[in-house]
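Asker: One structure coming up, written as structure tokens, with questions to follow.
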Amino acid sequence: MTITLKKTEEKSCEELVRELDEKEIQSVPIKLQFAGVEDKDVYNITAPFSDEGEEIIAGRVESRDSEHSEVYFFVKKNDKWKPKEDLPTFTLQDPFITFINNDLILGGVEISPHLDNPGALTWRTVFYRGKSINELKPFFTGPNGMKDLRLVELLSGEVGILTRPQGDKGGQGKIGFNKVKKLEDLTIEVIDDTPLLEGQFVQGEWGGANEAHILSNGLVGVLGHIACFDNDGNRHYYPMIFVLNPITGEYSDIELIAKRAHFLPGETKRPDLKDVVFSGGLIRKSDGTANLYAGISDAEAHKLIINDPFLQFEE
């Protein structure tokens, strides 16, 4: 299990977009349709996963003028995704799922009023665990102020941890990697002590992991996002990938896999969020393509069929 590091310096969003534009991107865009959620938006979805024999998508559901959301679980009926009536909802943002030791792990962002800054919010990542959605129970809460905390079961049986501290350690948001022998060893101290993957983001830009895939050779394929502000204060979020070696700690350069223009036109929550693509999940397929599921402009959920971005690291 080896990675040849390019030894390049970190690249800005602008540079990465320029590299993406130089490639021939084969993609098929599809907008997901939702019903049964009144007049609310569904975005920042997971990729479909199986729960008790049914294909499920978890999605962030909220009003256009609010940041207070719930996570619903949807099943597809007549080309539209509808809430499954017998499943619970969770007061969370940005759901994600993985499977560890045959357990379903659901995570999301929990927001609450900021204790020292009236009118502001703080957040943390919370995790639930169970054999099915109906059996999910809370089992771990991450550090205050940390989004994009992700877990993955490694080939060794250990649990890989992808973190995203901000502030003194992570600035506007950098990715770290650590591992523990089992879920029960996960602690705030382990997360706080996780070393950063240096050289991924230029000053003033940030990113995070959204989903981790174990490749056929044991490498960890990370689906994530990289983001920046422009001079007018507009946000720009791009879906990206890189891979890391969980044994040596080596990792590859960030590569963009799409941008907003590759998806269909649609609504936006606010004008400054028009160019936001938030990676939700990736389904790798046997024909060499992959389905990228993403939140678009904090208002919609789309799918993009692309070439499998992780194949190059398995060949």
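Asker: Could you name every one of the strands (runs of 3 or more DSSP E) located completely within the stretch 1-94 that has at least 1 residues being more than 20 Å from V277 (Cβ to Cβ)? Write out each step before concluding.
Answerer: Numbers: elements: 28-31, 41-43, 49-51, 54-62, 70-77, 80-83.
Qualifying strands (runs of 3 or more DSSP E): 49-51, 54-62, 70-77, 80-83.
Asker: Could you check how many residues of the stretch 80-131 are of a type in the set (G, A, S) and surrounded by 12 or more Cβ atoms within 10 Å (Cβ to Cβ)?
Answerer: 3
Asker: If you don't mind, another one. What's the number of the only condition in (1) in a strand (DSSP E or B); (2) in contact with a Lys or Arg (Cβ under 7 Å, 6 or more places away or on another chain); (3) not small (G, A, S) that F201 fails to meet?
Answerer: Unmet for F201, out of (1) in a strand (DSSP E or B); (2) in contact with a Lys or Arg (Cβ under 7 Å, 6 or more places away or on another chain); (3) not small (G, A, S): (1).
Asker: Scanning for something buried (at least 19 other Cβ atoms within 10 Å of the Cβ) and at positive phi, does the stretch 43-57 turn up at least one residue?
Answerer: yes
Asker: Just to be sure I understand the filter: pairs with C-beta atoms under 6 Å, separated by 6 or more residues or on different chains, first member in the stretch 157-185 and among the acidic types (D, E), second member buried (at least 16 other Cβ atoms within 10 Å of the Cβ) and at pLDDT below 95. Which pairs pass?
Answerer: none
Asker: Is there a residue being of a type in the set (V, I, T) and under 15 Å from the mean Cα position of the chain (by Cα) anywhere in the stretch 228-244?
Answerer: Taking the stretch 228-244 and keeping what is of a type in the set (V, I, T), we get 241, 243.
Now drop any that are not under 15 Å from the mean Cα position of the chain (by Cα), which leaves 241, 243.
Scanning the stretch 228-244 turns up at least one residue that is of a type in the set (V, I, T) and under 15 Å from the mean Cα position of the chain (by Cα).
Asker: List pairs: first residue in the stretch 13-33 and over 23 Å from C228 (Cβ atoms), second residue of a type in the set (G, A, S) anywhere in the structure, Cβ distance under 7 angstrom, at least six positions apart or on different chains.
Answerer: Sorted first by the residue in the stretch 13-33, then by its partner, the pairs are K31/G266; L32/A301.
Asker: Would you mention how many residues in the stretch 278-315 are in contact with a Leu (Cβ under 9 Å, 6 or more places away or on another chain), in a strand (DSSP E or B) and either under 19 Å from L20 (Cα atoms) or of a type in the set (D, E) (or both)?
Answerer: Adding up the residues that qualify gives 13.
Asker: Please work out which residue is modelled with the lowest pLDDT, limiting yourself to the stretch 39-77 and to residues that are of a type in the set (S, T, Y) and more than 24 Å from K131 (Cα to Cα). First the steps, then the outcome.
Answerer: Going through the stretch 39-77, the residues of a type in the set (S, T, Y) turn out to be 43, 46, 50, 63, 66, 69, 72.
This time we only want the ones that are more than 24 Å from K131 (Cα to Cα), so: 43, 63, 66, 69.
Numbers: Y43: 98, S63: 97, S66: 91, S69: 95.
In this case the residue turns out to be S66.
Asker: In addition: Quick check on my filter: what residues within the stretch 156-170 are closer than 22 Å to E250 by Cα, out of contact with any strand residue (DSSP E or B) (no Cβ under 6 Å at 6 or more places or on another chain), of a type outside the set (S, T, N, Q) and surrounded by fewer than 19 Cβ atoms within 10 Å (Cβ to Cβ)?
Answerer: If the condition is that a residue be closer than 22 Å to E250 by Cα, out of contact with any strand residue (DSSP E or B) (no Cβ under 6 Å at 6 or more places or on another chain), of a type outside the set (S, T, N, Q) and surrounded by fewer than 19 Cβ atoms within 10 Å (Cβ to Cβ), then G157, K169 are the ones that fit.
The values are calculated or read from the model by the stated rules, or taken from the named source; none is laboratory data. Note that the coordinates shown come from a computational prediction; the quantities given were computed from them, not determined experimentally. In this analysis, Cβ positions are derived from the backbone assuming ideal geometry, glycine residues included, and neighbour counts consider all displayed protein chains.
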